[in-house]
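Structure record follows, encoded as structure tokens.
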Number of protein chains: 2
Amino acid sequence: MEASNNEFLRGTLKTIVLKLLAERGRMYGYEITQSVKDRTNGEIMLTFGALYPVLHKLEQEGFLLTESVEVDGRLRKYYSLTPSGSASAAQKVSEFERFVEAMQSLLQPQQGLSMG
Amino acid sequence: MEASNNEFLRGTLKTIVLKLLAERGRMYGYEITQSVKDRTNGEIMLTFGALYPVLHKLEQEGFLLTESVEVDGRLRKYYSLTPSGSASAAQKVSEFERFVEAMQSLLQPQQGLSMG
DNA sequence: TTTGATATATAAAAATCTTATATATATTTG
DNA sequence: CAAATATATATAAGATTTTTATATATCAAA
């Protein structure tokens, strides 16, 4: 898979993963990459090299639980949120919304506005 | 100065700097940090340790020009955009808007929507 | 049998960011 | 006069994050 080569993705990976898990209950790594690609029409594509370290980090921080399930002779590792993971998901989403608002105040065209 | 401790800032620094310079014509480092802080009501605060490497990188990439001016006995280093810097500013802003739209499609609450 | 889709994962390297630090002038406060 | 604060630029060490490359393996289709 090719990466979306999107510099803005930096810093949003944990938020994306936590939010998807909050919504879906449990997901496995490959499923997360496909879901992100589908829902953004290919605009955002996660690489495995970025995703797995994030999943492991979140697990290590106590936000995720894992369970391995054999499906069609292959192992799938499902990730789901702990209570603190749920809390973190909600918090990160609202922090992102605030950040975007702040960014809009920087990126909106400033016409005749006073700029102290 | 304290940093805004905002993980989402990752990957947006160049965009912020380029956009401000496109708007203001020329600015010096300290002025950029103050402008960002003021316009975002303290939501986004750039640290010098992050800002100066970005300014030097953009200069190195041919997006910025510098001129040193003595003001009140102190040196100020003004940064302004080259033509390719202007082009990059416009492009990065529109890329950011696209990215935010993609993020909204991930972060919006999914209620009864079909989720392939 | 080769390609493509499905599936997880690590390692090396590069890029980026945080934190701490150094330097220096001018103004305000005590 | 001294100390603190605001103004001003910059680097270095360290931590974190991300990219790129690689390894492994099953199943289905061409």
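The values are calculated or read from the model by the stated rules, or taken from the named source; none is laboratory data. Predicted model only: the values in this text are computed from it and were never measured. So basically every Cβ, Gly included, is an ideal-geometry build from the backbone, and we count neighbours across all protein chains shown. All accessible areas refer to the heavy atoms of the entire protein, side chains included, with ligands and DNA or RNA removed. Shrake-Rupley method; radii C 1.70, N 1.55, O 1.52, S 1.80 Å.
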- Within region B:25-52, what residues put their amide N at less than 17 Å from the label point 7 Å along the Cα-to-Cβ vector of A:Gln108? B:36-44
- Query: Could you give, in nm with one decimal, how far A:Thr47 is from each other copy of that position, shortest first, with labels 7 Å out from Cα toward Cβ?
  - Reply: 2.5
- Of all the C-alpha pairs in region B:56-97, what % are more than 17 Å from each other? 44 percent
- Query: Taking only Cα atoms, what is the 0 to 90° angle, nearest 10, from helix A:13-24's long axis to the longest principal axis of chain A?
  - Reply: 60 degrees
- Query: Once B and A are treated as a pair rather than alone, how much accessible area drops out, both sides summed, in Å² to 100, probe 1.4 Å?
  - Reply: 3700 Å²
- Mind pulling the angle between the C-alpha long axis of helix B:83-107 and the longest principal axis of chain B? Nearest 10 degrees, somewhere in 0 to 90. 30 degrees
- So for R0 = 41 Å, FRET eff. of B:Leu75-A:Lys57 from the Cβ-Cβ r, to 0.05, ends up at 0.45
- Only helices counted: for chain B, with every DSSP H run of 4 or more residues adding -39500 (n - 2.57) and the sum spread over all residues, [θ] at 222 nm is -17500 deg cm²/dmol
- Surpassing 31 Å at the alpha-carbon level, of the pairs A:Lys14/B:Lys14; A:Lys57/B:Lys19; A:Lys14/B:Lys37; A:Lys19/B:Lys77; A:Lys19/B:Lys57; A:Lys92/B:Lys77, are A:Lys57/B:Lys19; A:Lys19/B:Lys77; A:Lys19/B:Lys57; A:Lys92/B:Lys77
- Query: For the protein assembly as shown, what mean projected area does the convex hull of the alpha carbons give, in nm²?
  - Reply: 15.3 nm²
- Query: Can you list the residues of region A:6-20 that have at least 50 square angstrom less accessible area with all protein chains present than in their chain by itself, probe 1.4 Å?
  - Reply: A:Glu7, A:Phe8, A:Arg10, A:Gly11, A:Lys19
- Å² of accessible area per residue within chain B, as computed with a 1.4 Å probe and no ligands counted: 53 Å²
- Item | Gap separating the Cα centres of region A:60-100 and region B:78-103, nearest whole Å | 32 Å
- The Cα extents of region B:1-59 along the principal axes, largest first and rounded to whole Å, are 26, 21, 18
- Query: Going from the alpha-carbon gyration tensor of region A:7-100, what semi-axes, largest first and in whole Å, does one get by taking the root of 5 times each eigenvalue?
  - Reply: 21, 17, 11
- Message: On the rotation axis linking copies B and A, which residue of B comes nearest by its Cβ, and by how many whole Å?
- Response: B:Arg10, 2
- Threshold 30 Å² - residues in region B:85-109 whose accessible area is reduced by that much or more when the chain is no longer isolated, probe 1.4 Å: B:Phe96, B:Glu97, B:Arg98, B:Phe99, B:Val100, B:Ala102, B:Met103, B:Gln104, B:Ser105, B:Leu106, B:Leu107
- Leaving out ligands, DNA and RNA, what percent of the accessible area of region A:7-100 is carbon and sulfur, probe 1.4 Å? 49 percent
- Query: A:Glu67 versus A:Gln91, label points 7 Å from Cα toward the beta carbon: distance in nm?
  - Reply: 2.6 nm
